[in-house]
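To start, the structure itself, in structure tokens.
Here, each number is a calculation from the coordinates, and none is a lab measurement. Being a predicted model, the structure only gives us computed values, none of them experimental. Glycine also receives a Cβ, built like all others from the backbone with ideal geometry; neighbour counts cover every protein chain displayed.
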Amino acid sequence: MATEAVKKQKKEATGDVERTNDRITYIPMVDIRTSDSEVTVSTDMPGINDQAVDVDLDRDILTIRGECTLKAPEGYRLAYREFESGNFERSFRITDEIGRDAIDATVKDGVLTIRLPKAKEAQPRKISVKAG
């Protein structure tokens, strides 16, 4: 069953860490893009809004957490469901290349986007060569 696969995936990802509630914890899939000036992390977190998601940086660990409770719109009842209400959580180790003070996160239509600007020292630059 899909629910058991998610629970197994979470257990394998976190080892034997105990949860404090019985809600399913999803490990959201991400797209990570990089340019000369920043790294961008985008993740689908259906049902999440800016009040239900937290992005924390503790030392070099960036953690995304969210809580989603899905409700059918007024006047409707659920006919079919492919995922359940639950929590989202994922962590990443970031390097010193990232300018920690300039990290920015936005959520729109259930997609969380985190911009991680590269520190000025980490950005590539062209060195001019002069005749000696």
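Give the order of Leu70, Leu57 when sorted by the count of other beta carbons within 10 angstrom, beginning with the fewest. Don't skip to the answer; put the middle values down first.
Working: Leu70 12, Leu57 15.
Starting with the residue having the fewest Cβ neighbours, the order is Leu70, Leu57.
Near Asn49: Cβ cut-off under 11 Å, other residues only, Lys/Arg at +1 and Asp/Glu at -1. The net charge is -2. Fewest-first ordering of Arg59, Arg65, Arg90 by other beta carbons within 10 Å of each residue's beta carbon gives Arg59, Arg65, Arg90. Here the convex hull built on the C-alpha positions of the range 20-132 has a volume of 132 cubic angstrom per residue. This ranking places Leu112, Leu78 by how few other beta-carbon atoms lie within 10 Å of each, fewest first, which gives Leu78, Leu112. Estimated from the Cβ-Cβ distance and a Förster radius of 22 angstrom, the FRET efficiency linking Ser42 and Lys71 is about 0.30.
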